[in-house]
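Before any comments, here is the structure.
Please treat every number below as a calculation from the coordinates, not as lab data. Note that the coordinates shown come from a computational prediction; the quantities given were computed from them, not determined experimentally. Ideal geometry is used to build each Cβ from the backbone, glycine not excepted, and the neighbour counts take in all protein chains shown.
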Amino acid sequence: MATGNINVSVENIFPLIKKFLYSDHEIFLRELISNATDATLKLKHLTGIGEIKIEYGSPQIEIKIDKEAKKLHIIDQGLGMTEDEVQKYINEVAFSGAEEFLEKYKDSAKDTGIIGHFGLGFYSAFMVADQVEIITKSYKDEDAAHWTCDGSPKFTLEKSDKKERGTEIILHIAEDSVEFLEESRIRELLQKYNKFMPVPIKFGTRTETTKTGEGDDAKEESFEVDDIINNPNPAWTKQPSELNDEDYKNFYRELYPTQFEEPLFNIHLNVDYPFNLTGILYFPKLNNEMNLQKDRIQLYQNQVFVTDNVEGIVPEFLTMLRGVIDSPDIPLNVSRSYLQADGNVKKISSYITRKIADKLNSLFKDNREDFEKKWNDIKMVIEYGMLSEEKFYEKAEKFALYPTVDDKYYTFEELQEQIKATQTDKDDKLVILYASDKDAQHSYIEEAKAKGYEVLLLDSPIVAHLIQKLETSKEKISFTRVDADHIDNLIKKEEDQISKLSEEEKTNLKEILDSVVPTSTYTVQLEAMNSNSAPFIITQPEFMRRMKEMSATGGGGMFGMSNMPEMYNLTVNTNHELVGQILNTKTKPKQERLIKQSLDLARLSQNLLKGEELTQFIKRSFEMIK
Ligand code: ADP
Ligand code: MG
């Protein structure tokens, strides 16, 4: 048997870099600006602690395009490198950097998108350039160095006459990457990745005008100023005590310049133990679902934009929020599924969940009226959170609201208290009536209200799931939509209504109805109700409808439910005058017409009459009244 090491030759690295980073090769600029920033921050630190005796000043980073010569320059005024340091950091580290790359490439080959999320550092320049130069002058009293490399492992290193401290990286942009010689493309990248980096970044100049003088003497003067593209001190790097409401709103506009709606409120995150994390999260108005896709939470590491896909880092229900999270402790060079198992990430996720719950709780306690006003815009997040995170559910029980059709807002506890005397069924379970659409279920709501019952308005798309969860986690309650069954069948009554029809008449009526009503869709039930109640009432059993709704919005294990045919109950009120009339009508065609018309009216009130049938119904109705 032979064993040994496979020799990975350095010649292979550049093609690998080019190939595997292809989908995300724009990150080269982020990497080079990160290095320039590091060099500047190192200088700041060393002057700060007195190890370097020079004036720190106000260094910037400059990006310049030389379109004619097809070059892109990244220039910093950081601590620079001596010739020896270039040897050490650029030439030798290339080996370990390459090893690291191959290591990671093995792991994540299935998901190459991930590679772009961690820095390949300096060598990512070769994704877009076929030649790279470094001209660098250290803060130390040594000659400047000039390094060039054409993407093969061969390089040259010689002295340079650069006088100012700092490093200039020159990329000779490759033929297939000329997009990076376009001003608009570079500006777009700077906006995306570098908008909040800690060292000012200059990209060209822009014209500013000021007005001097008054009236006839008024003059406009214009002059050129450096165009600094970033805000080096974004709000999340500050202490909450330094910021007021307006600052938070301004920062929201800075993050999402195309969002005109103001956020509802924000949560400032700030921890340094057991992990490091800062950030500001905003609750946007979520009534407009169109906005869910774009303008998502942005993840930064030390003010460098990494991604706006925070899946796996914050619990899913919070991905509906907006804002910024900045943490150096999130490992990004691993696959998303691994991320969820990472201890730090788990802690971060539960920290964020707890902060959000605490904030909501204090908003609720401090100003309930305002919280109620915001409820409709935030309920999606809260309800989704209650469904998906047990910890959040426990906390949300205190502030989750259940609005009624008349805009009263109860907590669950208050609701139970409110209805316990009036709304119980035969088994002493609390019957919680709700509607999902005030207009569509209008007549049902009115009837329930007339009997003095509370009707909730629960209209978010996941509400069926939430109801299911509440029913299983609480004792002796059941939710029923107002049109799921006739109210008198649901709620315990003092006395039963007595039917005006004899047993024989009932049998007769049932037979007639079953012969006219399509029984594959409608189950006919005779019920002795108050004579004021409607004669024909269509209801859809709660269980069936809810299962269908749940399978439509992703309920586990409910596959196929949404293909089930629609089934309804048709309750016929034997005490209604019209029903008596139907029974006593002698001619068969007339009887049939009355039943059809009544059924259609009942369908109309449930929004079930559509298309051809609706047209026919209207025609028929005109005929009848003319
Ligand atoms: P990393 O940034 O992760 O250390 P890089 O490949 O990006 O890896 O850079 C390698 C090293 O080269 C840096 O650690 C730094 O020492 C040196 N370097 C790169 N760019 C600069 C620069 N603009 N100024 C000073 N040193 C630099
Ligand atoms: Mg780097």
(request) Have a look at the DSSP beta bridges in region 235-374 and tell me what percent are antiparallel, nearest 5. (result) 80
(message) Report the gain in length on full extension from residue 184 to residue 420: 0.36 nm times residue separation, minus Cα-Cα distance, nm rounded to one decimal.
(response) 78.5 nm
(message) Suppose each label sits 7 Å from its Cα in the direction of the beta carbon; what would the residue 521-residue 276 distance come out to in nanometres?
(response) 6.5
(message) Ranking request for peptides 301-311, 55-65: highest mean number of other beta-carbon atoms within 10 Å first, then the rest in descending order.
(response) 301-311, 55-65
(request) Can you tell me the 0 to 90 degree angle between the C-alpha axis of helix 368-388 and the longest principal axis of the chain, rounded to 10? (result) 80
(request) May I ask for the distance between the Cα centers of region 183-241 and region 455-525, given as a whole number of Å? (result) 66
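What number in nm² do you get for region 163-220 if you take the convex hull of its Cα atoms and divide its surface by four?
8.0
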(message) Are there any GluC sites (Glu not before Pro) in region 124-232 that are in a DSSP loop and have at most 13 other Cβ atoms within 10 Å? List them by number.
(response) 164, 182, 214
(request) Rank the residues 319, 167, 205 as a footprinting-exposure proxy: fewest other Cβ atoms within 10 Å of their Cβ go first. (result) 205, 319, 167
(message) Viscosity 1.306 mPa s, temperature 10 °C: give me the Stokes-Einstein translational D for region 197-298 in µm²/s, with Rh taken as the Kirkwood radius over C-alpha pairs.
(response) 94
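Could you tell me which trypsin sites (Lys or Arg not before Pro) in region 587-622 are loop residues by DSSP with no more than 11 other beta carbons within 10 angstrom of their beta carbon?
Values: sites: 590, 593, 596, 603, 610, 619, 620; in loops: 610.
Qualifying residues, ordered by number: 610.
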(request) Let me know the shape class of region 401-495, please: from the alpha-carbon gyration tensor, a ≥ b ≥ c as square roots of the eigenvalues, rounded when a/c is under 1.5, otherwise prolate if a/b is greater than b/c, or oblate. (result) rounded
(request) Restricting things to alpha carbons, find the Rg to Rh ratio for region 235-374 using the Kirkwood radius for Rh. (result) 0.95
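For 206, 368, 296, what's the fewest-to-most ordering of other Cβ within 10 Å of each Cβ? Present the calculation step by step, with values, prior to reporting the outcome.
On the way: 206 10, 368 14, 296 19.
Least to most surrounded, the residues fall as 206, 368, 296.
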(request) With label points built 7 Å along Cα→Cβ from the Cα atoms of residue 428 and residue 590, find their separation and express it in nm. (result) 5.4
(request) Compute the relative contact order of region 380-517 as a whole-number percentage, counting only Cα pairs closer than 8 Å that sit 6 or more residues apart in sequence. (result) 24
(request) Using the structure shown, select from 64/238; 64/162; 506/586; 195/359; 88/159; 359/438 the pairs with a Cα to Cα distance greater than 20 angstrom. (result) 64/238; 195/359; 359/438
(request) Compute the acute angle (0 to 90°) between the alpha-carbon long axis of helix 463-473 and the principal axis of greatest extent of the alpha-carbon atoms of the chain; round to the nearest 10°. (result) 80
(request) Provide the three semi-axes, in whole Å and in decreasing order, of the ellipsoid equivalent to the chain as defined by the square roots of 5 times the Cα gyration tensor eigenvalues. (result) 70, 27, 24
(request) Determine, from the Cβ-Cβ distance of residue 254 and residue 439 and an R0 of 51 Å, the FRET efficiency 1/(1 + (r/R0)^6), rounded to the nearest 0.05. (result) 0.80
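Taking Cα pairs under 8 Å and at least six residues apart, what relative contact order does the chain come out at, in percent? Each step should come with its number before you reach the end.
Working: 966 pairs, mean separation 48.6, N = 626.
In percent, rounded to a whole number, it is 8.
Per DSSP H run of at least 4 residues, take -39500 (n - 2.57); add these up for the chain, divide by its residues and hand me the 222 nm value, nearest 500 deg cm²/dmol.
Helix-only estimate at 222 nm: -11000 deg cm²/dmol.
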(message) Using Cβ counts within 10 Å as a stand-in for footprinting exposure, how do 127, 320 rank, fewest first?
(response) 320, 127
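Sorting check: for 43-51, 393-401, 446-454, 239-247, which peptide has the highest mean count of neighbouring beta carbons within 10 Å, and how do the rest follow?
Packing proxy ranking, top to bottom: 393-401, 446-454, 43-51, 239-247.
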